[in-house]
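K.L.:
I have a structure here, written as structure tokens, and I will follow up with some questions on it.
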Amino acid sequence: MKSTFNNVGVGGVGAMGQDIAQMAAQAGAQVHLCDTQAPAVAKAIHAITQQWQKMLEKGRISSDTFAAYT
């Protein structure tokens, strides 16, 4: 899936924000995360990376795709 948006900003990186950020990144957009709690952004990036790691382990994405996402 290719995004029609080159850049996507996500304000608030709770569960829903993380999902939106992940889907936008997978669609090819550059994603910018913002939250009032600075550690939340790092936590969200870690959580999204873990999701991609699980997808890689299950064979849902290739190692090349994983490398492109991270």
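K.L.:
Taking amide hydrogens as modeled 1.01 Å from N in the peptide plane, which residues meet the under 5 Å criterion relative to Ile61, leaving out close sequence neighbours?
P.N.:
Sorted by chain and number, the residues that satisfy this are Leu56.
K.L.:
For the chain, report the accessible area per residue in Å² (1.4 Å probe, heavy atoms, rounded to an integer).
P.N.:
69 Å²
K.L.:
Show log10 I(q)/I(0) for the chain at q = 0.11, 0.23, 0.26 Å⁻¹, two decimals, from a solvent-free Debye sum over equal Cα scatterers.
P.N.:
Each listed q maps to, in turn, -0.25, -1.01, -1.19.
K.L.:
A follow-up question, please. Which value at 222 nm does the chain reach when only helices count, each DSSP H run of 4 or more adding -39,500 (n - 2.57), with the total divided by all residues and rounded to the nearest 500 deg cm²/dmol? Mind dumping the intermediate values first?
P.N.:
Details: 3 runs with 39 residues, N = 70.
One gets -17500 deg cm²/dmol as the mean residue ellipticity at 222 nm.
The values are calculated or read from the model by the stated rules, or taken from the named source; none is laboratory data. Not measured: the values here are computed from a predicted model. Protein only, heavy atoms only, side chains kept; ligands, DNA and RNA dropped before computing areas. Shrake-Rupley method; radii C 1.70, N 1.55, O 1.52, S 1.80 Å.
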